[in-house]
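The values are calculated or read from the model by the stated rules, or taken from the named source; none is laboratory data. Just so we're clear, the structure is a prediction, and the values are computed from it rather than from any experiment. Cβ atoms come from the backbone with ideal geometry, glycine included; neighbour counts cover every protein chain shown.
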Amino acid sequence: MSKSEDLMLVARVNLSGDKSAFDLLTRKYQSSIRRFFLNLTMGDNPLSDDLAQETFIKAYLNLNGFQGLSGFSTWLFRIAYNVHYDYIRSRKITGDINELEINRMHEVQNEFSAERTDINEALMVLRTEERTAILLFYMEDKTHQEIAKIMQCPLGTVKTYILKGKEKLGAYLKNAGYGN
C-alpha cells in the first residue's frame, strides 16, 4: 500500500465514515507501531499492546485533523510518540528516577535472547529522546526528516540524538564484551 493509497483510505474514512478503510490502515501499521512500543518499553507486551491500542484510537478520533502534509505513517508515529511521552510523564513520581534500576527490579519475562537483553539494557542508558530517535531510525527505517516531524524538533537535533545515542550504545556494548 503506497502513500497515495493511505490518503485514499483516510479520505474514505473522513468523507463516508468507512470503518473498513481505517481497519486496512490499522492492519498495515499495527506491527510497526507495536514493535516501536515493544522497543520503547523494553519488551513489555501488555504495555505495548495498550499503548498501540491507544495510538489507533487517538488516530481514529483525530483522523479529520490529518492534512496529508506528511505521510500517514509519520503522522501515526507522531501520535505514538505522544502516547508514549504522556505515559512516561504520567508515571513519573518526583525528581529523576533511575529507569535502568527500576527495570531490573520489575523485569518483564519475555522471549528475548541474552543479546536482546543486553541491547535493551544498553538502550536504557540513552536519554528518552536518543532512544526514540535511534529506534525510529534503525528499527522503523524512518528518515531524519520524518523523525524530526514525529519528534517535533529540528533536523540537526535528530542527527545529534542519533549520533550521541550510537556513541553511548557503542561504549556500553563494548564494556559488555561485544566487539573489540
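Regarding residue 50, is this residue surrounded by 13 or more Cβ atoms within 10 Å (Cβ to Cβ), at pLDDT below 95 and among the acidic types (Asp, Glu)?
no
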Does any residue in the range 128-157 that is not assigned by TED's automatic domain parsing to the domain that holds residue 29 come within less than 9 Å, Cβ to Cβ, of a residue that is in a loop (DSSP other than H, G, I, E, B) and exposed (fewer than 15 other Cβ atoms within 10 Å of the Cβ) six or more places away or on a different chain, and which pairs are these? 137/143; 148/154; 149/69
Filter the range 115-170 down to the residues that are of a type in the set (A, V, I, L, M), under 20 Å from residue 34 (Cα atoms) and either buried (at least 16 other Cβ atoms within 10 Å of the Cβ) or over 17 Å from the mean Cα position of the chain (by Cα) (or both) and list them by number. 119, 123, 124, 133, 134, 135, 136, 147, 150, 151
Condition check: surrounded by 13 or more Cβ atoms within 10 Å (Cβ to Cβ), in a helix (DSSP H, G or I) and touching a Ser or Thr at 6+ places or on another chain (Cβ under 6 Å). Does residue 12 satisfy that? no
Which members of the range 25-39 meet the condition of being more than 10 Å from residue 83 (Cβ to Cβ) and either assigned by TED's automatic domain parsing to the domain that holds residue 136 or not basic (Lys, Arg) (or both)? 25, 26, 29, 30, 31, 32, 36, 38, 39
